[in-house]
Amino acid sequence: MLSLPDYPVRQRDFLLEISRAITAQLDLSEVLRRVLRASVVMTAARVGVVALRGESDEQFTVRAFTGMQQDRVPVLNAKLLELVNSDQAEFSVEFLNAKLREMSEAIDPALVQAVAMPLTFADKPLGLLIVFRSYQSLISPSDVQILQSFADQAAIAVHNAQLYEAINQERRRLEAILDYSGDGVMILSPHLLILQINRAFEQMTGWKSVDAVGLHQDEVIQWVRRDQIDLQDAMSAGLFPKRQPNGRTLYVEGDIQRRDGLTASLGITYAPLFNEDGKLTTIIANVRDIAHYRRAQEMQNVFISTVSHELRTPVAIIKGYASTLNRSDVEWDAAVVRESVAVIEEEADRLAELIDDLLAASKIQAENNVRLTLSDVRLDQMAARAVERFSKQTQRHTFALSFPADYPSIQGDEKLLRQVVDNLLTNAIKYSPNGGTITVGGRFSETTVNFFVRDEGVGIPEAEQQRIFERFYRIDGNLTSKTKGTGLGLYLVRAIITAHRGEINVKSQPGHGSTFYFSLPRD
Ligand code: ADP
């Protein structure tokens, strides 16, 4: 034991050292090590232990120790567990002393005395500081006071560490949310300098975080077309709050130039963040890629104009022929009447077909599937009949059939599959304006039946090959604009094949023709 006059000085030195360690933000283990060393020296003890309470459970476990071997830790933990699991609502002094004696015993039978101090912060129990002595002596009030002062320091350090860990965890969680968010996020300073961007933002703008952070947002968000006032102007015009008002946000939409020179369509919502004094500290920008939405809107517009044109043309023809026939001042001879009625019938058929397509497409979209009426279907025979019909409609094209003699039948919806075959043949003719051979054929394996329609027409660029199956999608081009169509045919074809648990695809080389092929399961 230290001589009496040294006592307060040493205690003060230790406390100073520990509080320095805490303010220097040394890690918790280091602070606890210092607390233990001071406690052991000041109370002339041999062993010191700090046990801390778990975050979620009530259990105490040894977190730091001095003067004993690591292999004692499990025994101590077991004893500490008994302390918590006892039926005692509050530990009684006797119970605690009994447990402390058992712990001393477990560490080293030579230890004969133990003193425990609670570590509490704001009335919250955080753990225990225990010192063990190898001799019995009176535990003086000053011993208790000294230990308590060290325990208090330890409690502050533990509390700090827990806060730090909680903040860290929160930060990691936020960072994960930011990183995995499908929306782009950009965090700006009040002067619009970029503080942080996430992965989705990198993908949308082509900027890497290392290059973008620190730049002014205008260097990264370079609008080439914009529908609304931008952030900088909004701030100057007082349309974006610099002080806490009602939490107003700003939405800006348009096209930006990406770092790689390409264009991206973005919608950005800027939201201000204020500190407790109501001062603007950060601006959070939520960035959406609106290209899809734009494309869908464009497609819808194109569709409406195409469909109204497509619907109007036959109606105008029918109306024209009917009014002509209806003239009371003219006697039409029988041949003219017959011809006119044939045109009216043909146009009415086209109209009905178009309406059917539109209804079928909207039904598929609404129900999300196609209902099938199954029977035995011979696709080879269906193809032969279709070829016979279609060859009467065109002089420029020649047709070829290519099926093995033992081509099997399948279970399918006859009417819908006929629609598929007709559609593929119609397209093959429409999109090979210079004629050529159209081959319809099939192969089969044990499990599947394959079917294809090959033409020698204009072909389809690689980038468009998947998109042509989308609803209303038509390739932008000279030929398509001159050709009648709604962009619904292949959408319906794919929906019908998918409903048969099959797959349809296309192989094509622009200028060299296309082959549409599908496969259906045999069972
Ligand atoms: P539509 O023919 O009414 O426009 P489809 O859905 O049948 O609609 O076809 C979508 C688009 O795919 C067409 O507009 C056309 O550009 C392209 N396409 C379809 N079939 C062929 C083909 N055999 N050869 C070249 N392009 C094709």
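The values are calculated or read from the model by the stated rules, or taken from the named source; none is laboratory data. In this text, all values refer to a predicted model and were calculated from it rather than measured experimentally. So basically every Cβ, Gly included, is an ideal-geometry build from the backbone, and we count neighbours across all protein chains shown. Ligands, DNA and RNA are stripped out before the accessible areas are found, and what is left, the full protein with its side chains, is counted by its heavy atoms. Shrake-Rupley method; radii C 1.70, N 1.55, O 1.52, S 1.80 Å.
Accessible area per residue for the chain is 56 Å², calculated with a 1.4 Å probe on protein heavy atoms, without ligands, DNA or RNA. Measuring r between the beta carbons of LEU174 and GLU298 and using R0 = 35 Å, the FRET efficiency lands at 0.45.
Remark: the stretch 247-372 projects, on average over all directions, an area of 17.0 nm² (convex hull of Cα atoms). Compared with the dominant Cα axis of the chain, that is its longest principal axis, helix 6-23 is turned about 10°.
Of the solvent-accessible surface of the stretch 362-512, computed with a 1.4 Å probe and all protein chains present, 46% belongs to carbon and sulfur. Pairwise alpha-carbon distances in the chain exceed 35 Å for 65% of all pairs.
To the nearest 10 degrees, how steeply does helix 141-180 sit against the main Cα axis of the chain, on a 0 to 90 scale? The two axes meet at around 10 degrees. For a test of the definition: using alpha carbon positions, the gyration tensor, and the 1.5 limit on a/c, classify the stretch 183-289 as rounded, prolate or oblate. Cα axes put the stretch 183-289 in the prolate bin. What is the stretch 468-523 by shape, rounded, prolate or oblate, if you read a ≥ b ≥ c off the alpha carbon gyration tensor as root eigenvalues and call it rounded for a/c under 1.5, prolate for a/b larger than b/c, and oblate otherwise? Here the stretch 468-523 falls in the oblate category. Peptide packing for 336-343, 255-262, 410-417 was compared via the average number of neighbouring C-beta atoms within 10 Å per residue; ordered from the highest value, the list is 410-417, 255-262, 336-343. For the chain, the number of Lys pairs separated by eight or more positions or lying on different chains, with C-alpha atoms closer than 21 Å, is 9.
Annotation: amide H of GLN228 within the under-5 Å range of GLU253, sequence separation 5 or more or interchain, hydrogens built in the peptide plane. Accessible surface of the stretch 170-271, 1.4 Å probe: 51 percent of it comes from carbon and sulfur atoms. Shape of the stretch 294-367 from its Cα gyration tensor (a ≥ b ≥ c, root eigenvalues): rounded if a/c is under 1.5, otherwise prolate when a/b > b/c, or oblate? In terms of gyration-tensor shape, prolate.
Expressed as a whole percent, the accessible surface of the stretch 34-121 that belongs to carbon and sulfur atoms is 50, based on a 1.4 Å probe.
Okay, helix-only estimate at 222 nm for the chain: each DSSP H run of n ≥ 4 adds -39500 (n - 2.57), divide by all residues, round to 500 deg cm²/dmol; what do you get? Mean residue ellipticity, 222 nm, calculated: -15000 deg cm²/dmol. Highest mean first, the peptides 474-487, 29-42, 113-126 sorted by other C-beta atoms within 10 Å per residue fall in the order 29-42, 113-126, 474-487. Taking amide H as placed 1.01 Å from N in the peptide plane, PHE444 has its amide H under 5 Å from the amide H of ASN450, each at least 5 places away in sequence or on another chain. Considered as an equivalent ellipsoid built on the Cα gyration tensor, the stretch 6-172 has semi-axes of 24, 21, 14 Å, the largest given first.
Dimensions of the stretch 94-146 based on its C-alpha atoms, expressed as ranges along the principal axes with the largest first, amount to 36, 24, 18 Å.
Do you know the relative contact order of the stretch 294-367, to the nearest whole percent, from alpha carbon pairs under 8 angstrom that are 6+ apart?
Numbers: 23 pairs, mean separation 27.4, N = 74.
The normalised contact order for the stretch 294-367 reaches 37 percent.
Positive contributions from Lys and Arg (+1) and negative ones from Asp and Glu (-1), summed over other residues with Cβ under 14 Å from the Cβ of GLU339, come out at -3. Here the relative contact order of the chain, from alpha carbon pairs under 8 Å that lie six or more residues apart, stands at 8 percent. The string of couplings for the stretch 494-511 from the Karplus curve (6.51, -1.76, 1.60, θ = phi - 60°) is 5, 4, 5, 5, 4, 4, 8, 6, x, 9, 10, 8, 9, 10, 7, 10, x, x Hz, one whole number per residue in order, with x for Gly and Pro.
Taking the three principal axes of the alpha carbon atoms in the stretch 345-430, the coordinate ranges are 40, 33, 20 Å, sorted in descending order.
Helix 291-325 and the long axis of the chain differ in direction by around 20°, with both axes built from C-alpha atoms. Remark: relative contact order (the stretch 364-490) = 22 percent; criterion is Cα-Cα distance under 8 angstrom and separation of 6 or more residues.
With θ taken as phi - 60° and the Karplus curve 6.51 cos²θ - 1.76 cosθ + 1.60 applied, the whole-hertz 3J(HN,Hα) list for the stretch 221-237 is 8, 9, 6, 9, 8, 8, 8, 10, 4, 8, 4, 4, 5, 4, 5, 4, 7 Hz, x standing for glycine and proline.
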